[in-house]
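The values are calculated or read from the model by the stated rules, or taken from the named source; none is laboratory data. Predicted model only: the values in this text are computed from it and were never measured. Methodologically, a virtual Cβ is constructed for each residue, glycine included, from the backbone with ideal geometry; neighbour enumeration extends over all protein chains shown.
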Amino acid sequence: MIERLDESLPDIGVTPQTAQILAPGPKSVALLSDLYDEPDWMRQARHEAWQQYEAMDLPDPKEEAWRRTDLKAYPLDSLRVVLSARELDGIYDLPPCWDYALAPVDQVSGALVHCNGARTYAIMRRDDALSGVILEDLHIALKTHGDLIRGTWMRGATTRPGFNKFTALNAALWHGGTFIHVPAGVRVARPLQSLVALDAEGGTNLHHTLIIAEPGSRVTLIQDRVSQDSQPELNAEVVEIYAGAGAWVRYVSLQHWSEHRYSVTVQEARVAENANFVWVAGSLGGKMTKDFLRSDLVAEGARSMMAGFSFVHSDQHLDQSTYQHHRAPNTHSDLLYRNILKDQTRTVFYGMIRVEPEASGNTMAYQANNNLLLSDARAHAIPGLEILANDVRCSHGATVSRIDDEERFYLEARGLPKPEAQSLIAQGFIRPIIERMPLAHIRQRVEDEIAERFWL
């Protein structure tokens, strides 16, 4: 049985008709803490992060991770945090352009929806709730799980406030967040879902996601992002994932931003002893996107599998930096990213495998990036290795190519028009990634969207 969560929205004193718009600044930092009645440690963390933000410069355009993405294009002079509180009557009251992103409620254990940063809808299956599984707005979770959140808050190598100016901005002004906690030994049978949505007045997105899977637990989260921006907007988002010893965590990260959104996303997973982490990332929207995706294998037996796909068209720009960090022996990581490029698009893949000296001993790491060009688009593939240990097996590779003429001829000879033949080949190219996603509903939705892109 699935039921509505009982917790009410925090009283922040605004309605859809009286939404407040905050400009970045120390007063806005303090106001956010006051509105959500945050504990002292979070108030202090926000304040310190804002000081870091003001003191930091934008990333150096000559830095390897940034030199192929033009930071000058980002709308950094028009940042605005939109505060609104609204509760929908039901999941099916979502606008049609948003509800397509959600699977039927009988196929999931819980769902959480944010609109313009406000928690608008939440459900949880009774059996999972009774087992102690939490899927909740991060502002509310600060009151119920504050100590747990404080012990993990923005402590990763890339999720710390000082990583870059965008993580500092998120740490100071985060508004709206997804919190998941799975107690030790608890297995969530069905996936959880999180939808981050922004309408035409949504402003800057500063969502923060925190997943804590205790030892021996099992959980899947499908998180999608949609927007209807009417002008250039910024997304500065942070995702933190902690997989305890022996846990099994799968995170599906999808992105359907509008053509006006400029994004910097930092996602990091910390994988403990004998834990398994499965990561599937899909990027289909956005004007300009920069992603940092990192898995840290911190104890013996930790394993991570990272798979991603994108289909960019028009003049989209997608820049992905991945990092597989082996810090213990007998660890295993595997990464496969595939991109389809159409029109005047550009993709950048900069991947790194690093094996520390203490990881010597039956450590394995693999990395592959494949790019399929449907036009004169440009794909930059830059895989790398930093091996500081012996007794390891690591390899990497990358390809950039067009559709094979023989494959297309084979399909055309059997009656398929050229566009349909190309579409079929491209769908087969990224199917190995899509097949790693849970729920037939989600897989079919993504496949349909990819097929439609050939006609845009």
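Quick grid of which residues meet (1) basic (Lys, Arg); (2) touching a helix residue (DSSP H, G or I) at 6+ places or on another chain (Cβ under 7 Å):
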| position | (1), (2) |
| --- | --- |
| Arg190 | yes, yes |
| Gln193 | no, no |
| Ala200 | no, no |
| Thr209 | no, no |
| Ile212 | no, yes |
| Pro215 | no, no |
| Val219 | no, no |
| Val226 | no, yes |
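Does Ile442 satisfy the criteria of being surrounded by 12 or more Cβ atoms within 10 Å (Cβ to Cβ), among the β-branched types (Val, Ile, Thr) and modelled with pLDDT under 90? Full working, then the answer.
Numbers: surrounded by 12 or more Cβ atoms within 10 Å (Cβ to Cβ): yes; among the β-branched types (Val, Ile, Thr): yes; modelled with pLDDT under 90: no.
Spelling it out, it is not the case that Ile442 is surrounded by 12 or more Cβ atoms within 10 Å (Cβ to Cβ), among the β-branched types (Val, Ile, Thr) and modelled with pLDDT under 90.
Is it true that some residue in the stretch 171-185 is aliphatic (A, V, I, L, M) and in a loop (DSSP other than H, G, I, E, B)? Full working, then the answer.
Kept after step one, since they are aliphatic (A, V, I, L, M), are these residues of the stretch 171-185: 171-173, 180, 182, 184.
Then keep just the ones that are in a loop (DSSP other than H, G, I, E, B); that gives 184.
Looking through the stretch 171-185, at least one residue is aliphatic (A, V, I, L, M) and in a loop (DSSP other than H, G, I, E, B).
Where in the stretch 67-149 are there helices (runs of 4 or more DSSP H), lying wholly inside it, with at least 3 residues that are modelled with pLDDT of 90 or more and over 22 Å from the mean Cα position of the chain (by Cα)?
Details: elements: 96-99, 126-130, 138-144.
In the stretch 67-149, 126-130 are the helices (runs of 4 or more DSSP H) which contain 3 or more residues that are modelled with pLDDT of 90 or more and over 22 Å from the mean Cα position of the chain (by Cα).
For residues that are part of a loop (DSSP other than H, G, I, E, B) and not acidic (Asp, Glu), scanning just the stretch 37-66, find the one that is surrounded by the fewest Cβ atoms within 10 Å (Cβ to Cβ). Walk me through it before giving the result.
Going through the stretch 37-66, the residues part of a loop (DSSP other than H, G, I, E, B) turn out to be 37-39, 56-66.
Within this subset, residues satisfying the condition of being not acidic (Asp, Glu) are 39, 56, 58-59, 61-62, 65-66.
On the way: Pro39: 16, Met56: 17, Leu58: 13, Pro59: 18, Pro61: 12, Lys62: 7, Ala65: 17, Trp66: 19.
Here the residue is Lys62.
So which residues in the stretch 268-288 are within 14 Å of Thr322 (Cβ to Cβ) and free of Cβ contacts under 8 Å to residues at least 60 places away in the same chain, if there are any at all? Break it down stepwise before answering.
Going residue by residue through the stretch 268-288, those that are within 14 Å of Thr322 (Cβ to Cβ) are 268-269, 277, 279-281, 283.
Ala269, Phe277, Trp279, Ala281, Ser283, listed by residue number.
Whether any residue in the stretch 307-315 is touching a strand residue (DSSP E or B) at 6+ places or on another chain (Cβ under 9 Å), of a type in the set (Phe, Trp, Tyr), part of a strand (DSSP E or B) and over 22 Å from Ile434 (Cβ atoms) is what I want to check.
Start the filter on the stretch 307-315 by keeping residues that are touching a strand residue (DSSP E or B) at 6+ places or on another chain (Cβ under 9 Å), which leaves 307-313, 315.
Subsequent filtering for residues that are of a type in the set (Phe, Trp, Tyr) retains 309, 311.
Now narrow it down to the ones that are part of a strand (DSSP E or B): 309, 311.
Filter once more, keeping what is over 22 Å from Ile434 (Cβ atoms): none.
No, because not a single residue in the stretch 307-315 is touching a strand residue (DSSP E or B) at 6+ places or on another chain (Cβ under 9 Å), of a type in the set (Phe, Trp, Tyr), part of a strand (DSSP E or B) and over 22 Å from Ile434 (Cβ atoms).
Kindly evaluate Leu210 against the criterion of being in the same structural domain as Asp70 (by TED's automatic domain parsing) and at pLDDT 95 or above.
Working: in the same structural domain as Asp70 (by TED's automatic domain parsing): yes; at pLDDT 95 or above: yes.
Against the criterion (in the same structural domain as Asp70 (by TED's automatic domain parsing) and at pLDDT 95 or above), Leu210 qualifies.
Which number in (1) at pLDDT 95 or above; (2) within 25 Å of Gln444 (Cβ to Cβ); (3) touching a Pro at 6+ places or on another chain (Cβ under 9 Å); (4) not basic (Lys, Arg) marks the one condition that Leu254 misses?
So the condition that Leu254 fails would be (3).
Would you call Glu214 touching a Gly at 6+ places or on another chain (Cβ under 6 Å), touching a residue at least 24 places away in the same chain (Cβ under 8 Å) and of a type in the set (Asp, Glu)?
yes
Could you list, ordered by first residue, the pairs with Cβ atoms under 6 Å in which the first is in the stretch 43-72 and free of Cβ contacts under 8 Å to residues at least 40 places away in the same chain and the second is part of a helix (DSSP H, G or I), at least 6 apart or interchain?
Arg43/Ser33
Condition first: β-branched (Val, Ile, Thr) and either surrounded by 17 or more Cβ atoms within 10 Å (Cβ to Cβ) or outside the structural domain of His175 (by TED's automatic domain parsing) (or both). Now tell me which residues in the stretch 20-36 satisfy that. Working first, answer last.
Residues of the stretch 20-36 β-branched (Val, Ile, Thr): 21, 29.
Hit for the stretch 20-36 is Val29, nothing else.
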